[in-house]
Amino acid sequence: MRNKEMLLVPGPTPVMDEIYDALSSETLGHTDPRFAKVFKNSLELCKQMFNTDGEVFVIAGSGTLAMEMAIINTVASGEKLLVVSHGYFGDRFIPLAKVFGINVETLQAEWGQQISKELVEEKLAEGGFKAVTVTHVDTSTGVMANVGELIPVVKKAGALFILDGVCASAALEEDMQKTYGHPDYKIDVVLTGSQKAIGVPPGLGIVAFGPKALAAREAMTSVSGYYTDLKHWLPVMKDPVKYFATPPVNMIYAFNKGMELVIAEGLDSRYRRHFALGRAVRAGLKVYGMKPLATEKVAAPTLSCLLYPEGVNDVEFRSKLASKGVVVAGALAAFAGKAFRIGHMGNVTEEIIVKALGLIGETLQEMGYTANICAAIDEFKEIYHSA
Ligand code: PMP
């Protein structure tokens, strides 16, 4: 990899050389049939990843734009939205929906815990919810939502199931035609960004709408957005020689390459690799006395939030580690200073993680803590290859 640093923040993630090469291809006109062919291919691969019989939308922006697009095209001002939140990014739907006059109700988990399906069921029994948002993996806590349990509960209540896959898509299954106990119990919307498990630089908002979500937009006379109104984008996504607003041509080249790599790896293998990586990284770091915020049962395959051993100074640890070429992120809110977050998703390799584990151990040693580097790496490798 051409990357000089080991970028292990929870997104952006390390970019493969092939993706950088695609990014620097010659910029063509955005309605040039040669570009349109690449755009179309990327959309088809993305549809394959979500296995949707609806439509995918890939537009310039970030994950937050994709969140906004998902909400405004399904829930109108005055309608009820339930936000199921496992942390900072789940919470983001609250102000976002309120701006559009949506009537927001919230279930917030204690950080590190999961919201139970019983709680969601009880809340939905109040009636009238148009949609429910669930964050597949909350990047603040490393908690993975119990999607398989929540879908039937949400769908039984007649609400749309909107999944934030920003920290999950391409690493965790998000199959939009998979049914959960009834032919109609499926994910209605998945939204994501380019910069995490898809492994492409930041810059794209991606939203997949299933048939029920597309019908919800159809039933709305207007929406509170212009750039984000999916009706403007629908003709472009069906036939990318059409124009609504200029697509980020080079980012689409990069996205197409990223999606080719995802599909070439095979979705099941990619999901298994991430599952193994998550377990193994946490096991390796536990050898250093670090404690994952989320229990293994609810911990994400894509990133982990780890509490430091007693006394470790967060800023010193992360800056020393960064000077060795490993970049990790601080923790948020009440865990700031007490924990750090490490991403292990996308096209990150076993080699990168092994190197990073060694350098984390070295950093701890330099700060005066005991860290058995060989034992941590052995633990990582054993779990990674057996999970
Ligand atoms: N949802 C989740 C789960 C995220 O992790 C993030 C970004 N960390 C977002 C939404 C927002 O995405 P962006 O920063 O690309 O706008």
**Request:** Determine, yes or no, whether Ile187 is touching a helix residue (DSSP H, G or I) at 6+ places or on another chain (Cβ under 8 Å) and part of a strand (DSSP E or B).
**Result:** no
**Message:** With surrounded by fewer than 23 Cβ atoms within 10 Å (Cβ to Cβ), aliphatic (A, V, I, L, M) and over 25 Å from Val154 (Cβ atoms) as the only criterion, which of Val281, Val249, Val298 stands out?
**Reply:** Val249
**Fill in**
When restricted to Phe255, Phe317, the only residue buried (at least 19 other Cβ atoms within 10 Å of the Cβ) and within 18 Å of the chain's Cα centre (by Cα) is Phe255
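Conditions (1) of a type in the set (Gly, Ala, Ser); (2) in contact with a strand residue (DSSP E or B) (Cβ under 8 Å, 6 or more places away or on another chain), marked per residue:
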| site | (1), (2) |
| --- | --- |
| Pro292 | no, yes |
| Thr302 | no, yes |
| Lys320 | no, no |
| Gly330 | yes, yes |
| Ala334 | yes, no |
| Ala339 | yes, yes |
| Asn347 | no, no |
| Ala371 | yes, no |
| Glu379 | no, no |
**Asked** Between residues in segment 145-158 that are in contact (Cβ under 8 Å) with a residue 60 or more places away in the chain and residues that are among the basic types (Lys, Arg) and part of a helix (DSSP H, G or I), which pairs lie under 7 Å by C-beta distance while being six or more apart or on different chains?
**Response** Asn146/Lys117; Leu150/Lys117
**Asked** Does Val223 satisfy the condition of being more than 16 Å from the ligand (Cβ to nearest atom) and either of a type in the set (Asp, Glu) or open to solvent by less than 40 Å² (accessible area, probe 1.4 Å) (or both)?
**Response** yes
**Prompt:** Got at least one residue in segment 191-200 being closer than 30 Å to Gly78 by Cβ, touching an Asp or Glu at 6+ places or on another chain (Cβ under 7 Å) and open to solvent by less than 30 Å² (accessible area, probe 1.4 Å)?
**Reply:** yes
**Item:** Flag if Ala215 is closer than 26 Å to Tyr20 by Cβ, surrounded by fewer than 22 Cβ atoms within 10 Å (Cβ to Cβ) and at pLDDT 95 or above
**Value:** no
**Prompt:** Out of Ser42, Ser85, Ser77, Ser62, which single residue is more than 11 Å from the ligand (Cβ to nearest atom) and either of a type in the set (D, E, K, R) or more than 19 Å from Arg217 (Cβ to Cβ) (or both)?
**Reply:** Ser42
**Request:** Please specify each residue of segment 62-79 satisfying the condition of being surrounded by fewer than 22 Cβ atoms within 10 Å (Cβ to Cβ) and closer than 25 Å to Cys167 by Cβ.
**Result:** Ser62, Thr64, Leu65
**Prompt:** All but one of (1) away from the ligand (no atom under 16 Å from the Cβ); (2) in contact with a strand residue (DSSP E or B) (Cβ under 9 Å, 6 or more places away or on another chain) hold for Met144; which doesn't?
**Reply:** (1)
**Asked** Among (1) part of a helix (DSSP H, G or I); (2) open to solvent by less than 50 Å² (accessible area, probe 1.4 Å), where does Lys37 come up short?
**Response** (2)
**Message:** Take Phe275 and tell me if it is outside the structural domain of Thr74 (by TED's automatic domain parsing) and part of a helix (DSSP H, G or I).
**Reply:** yes
**Asked** List the pairs whose first member sits in segment 159-171 and is in contact (Cβ under 8 Å) with a residue 60 or more places away in the chain and open to solvent by 10 Å² or more (accessible area, probe 1.4 Å), whose second member is aliphatic (A, V, I, L, M) and assigned to a strand (DSSP E or B), and whose Cβ atoms are under 8 Å apart, counting only residues at least 6 apart or on separate chains?
**Response** Leu160/Ala131; Leu160/Val132; Leu160/Val189; Val166/Leu191
**Complete:** Residue set Met69, Met6, Met49; condition of a type outside the set (S, T, N, Q), more than 16 Å from the ligand (Cβ to nearest atom), touching a strand residue (DSSP E or B) at 6+ places or on another chain (Cβ under 9 Å) and in the same structural domain as Lys242 (by TED's automatic domain parsing); output residue Met49
**Message:** Being in the same structural domain as Leu277 (by TED's automatic domain parsing) and closer than 17 Å to Pro10 by Cβ is true for just one of Ala300, Ala334. Which residue is that?
**Reply:** Ala300
**Prompt:** Any idea which residue in segment 115-130 is surrounded by the fewest Cβ atoms within 10 Å (Cβ to Cβ), counting only those that are aliphatic (A, V, I, L, M) and away from the ligand (no atom under 16 Å from the Cβ)?
**Reply:** Ala125
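The values are calculated or read from the model by the stated rules, or taken from the named source; none is laboratory data. Being a predicted model, the structure only gives us computed values, none of them experimental. As a convention, Cβ positions derive from the backbone with ideal geometry for all residues, glycine included, and neighbour counts pool all protein chains shown. Remember, those area values only see protein heavy atoms, side chains included, never the ligands or the DNA or RNA. Shrake-Rupley method; radii C 1.70, N 1.55, O 1.52, S 1.80 Å.
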